[in-house]
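Asks: Here it is, the structure, as structure tokens.
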């Protein structure tokens, strides 16, 4: 298994980026996570699957952590909480799901941001740093992402990091209780390396240390 030689059994490295750092969620994060999510409920609802009634409860959070740990052990997914490097405030989260090895070597990218921290460049910094982790540590070849057609902020973020638009999927995901079309984006390692050589887009990101 990939993790035996590369990562700890239930955690991924701390990833440092431009003013942020990312690490595996822990049970001790519950209070801060629940507070950020509750304050951001109305802000996040249009972009996420319908929240279960007990979504913000401590038992539900513990189940979430166990699922994240299982995914890391299975090399099927990697979840990160993103923090401000200056004050350790929880900003949001980034999740890699549906990791496929074999001939695919790809994963799906998803993310969420607390309302108080949106539109400040934090998620761009976080996604940029995670891209390095995906290609340099997980050794994947392709990253896929999908967003709602009217989510202009997410579209701008993906394009800024280097993702390319690949098409529109009808009734792709059930978001906020409705099956909705999504725009499909992808980033291939060779695309990023070409851009990096010209612009230095990944400069400053570090695996295994905080900024």
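The values are calculated or read from the model by the stated rules, or taken from the named source; none is laboratory data. Just so it is clear, the structure is predicted and the values come from calculations on it, not from any experiment. Here the Cβ positions follow ideal geometry from the backbone for every residue, glycine too, while neighbour counts run over all protein chains shown.
Asks: I'd like the residue in the stretch 26-40 that is in contact with a strand residue (DSSP E or B) (Cβ under 7 Å, 6 or more places away or on another chain) and within 17 Å of residue 123 (Cα to Cα) and, out of all such residues, is surrounded by the fewest Cβ atoms within 10 Å (Cβ to Cβ). Step through it out loud before you land on a result.
Replies: We begin by selecting, within the stretch 26-40, every residue in contact with a strand residue (DSSP E or B) (Cβ under 7 Å, 6 or more places away or on another chain); these are 29, 32-33, 36.
Subset that is within 17 Å of residue 123 (Cα to Cα): 33, 36.
On the way: 33: 20, 36: 23.
Checking each candidate, the answer is 33.
Asks: Further, regarding this structure: Given the criterion at pLDDT 95 or above and under 18 Å from residue 99 (Cα atoms), identify the matching residue among 125, 169, 146. It would help to see each step written out before you state the result.
Replies: Values: 125 fails: under 18 Å from residue 99 (Cα atoms); 169 fails: under 18 Å from residue 99 (Cα atoms).
Being at pLDDT 95 or above and under 18 Å from residue 99 (Cα atoms) holds for just one of 125, 169, 146, which is 146.
Asks: Give just the number: which of (1) under 14 Å from the mean Cα position of the chain (by Cα); (2) part of a helix (DSSP H, G or I); (3) surrounded by fewer than 21 Cβ atoms within 10 Å (Cβ to Cβ) does residue 191 not satisfy?
Replies: (1)
Asks: Now for a different question. Restricting attention to the stretch 69-84, report how many residues are crowded, with 18+ Cβ neighbours inside 10 Å and closer than 15 Å to residue 14 by Cβ.
Replies: The qualifying residues number 7.
Asks: Still on this model: For the stretch 38-53, which residues satisfy the criterion of being touching a helix residue (DSSP H, G or I) at 6+ places or on another chain (Cβ under 6 Å) and either free of Cβ contacts under 8 Å to residues at least 60 places away in the same chain or not in a helix (DSSP H, G or I) (or both)? It would help to see each step written out before you state the result.
Replies: Filtering the stretch 38-53 for residues touching a helix residue (DSSP H, G or I) at 6+ places or on another chain (Cβ under 6 Å) gives 40, 43.
Passing the criteria: only 40.
Asks: Right, something else. Quick one: in the stretch 1-25, of everything that is out of contact with any strand residue (DSSP E or B) (no Cβ under 7 Å at 6 or more places or on another chain) and crowded, with 18+ Cβ neighbours inside 10 Å, which residue is modelled with the lowest pLDDT?
Replies: Taking the candidates together, the pick is 7.
Asks: Among the residues of the stretch 54-68, which ones are surrounded by 13 or more Cβ atoms within 10 Å (Cβ to Cβ), over 18 Å from residue 113 (Cα atoms) and in contact with a helix residue (DSSP H, G or I) (Cβ under 9 Å, 6 or more places away or on another chain)? Give the steps one after another, and end with the answer.
Replies: If we filter the stretch 54-68 for residues that are surrounded by 13 or more Cβ atoms within 10 Å (Cβ to Cβ), which is where we start, we get 55-57, 60-61, 64-65, 68.
From the residues that got through so far, the ones that are over 18 Å from residue 113 (Cα atoms) too are 57, 60, 65, 68.
Across the stretch 54-68, the qualifying residues are 57, 65.
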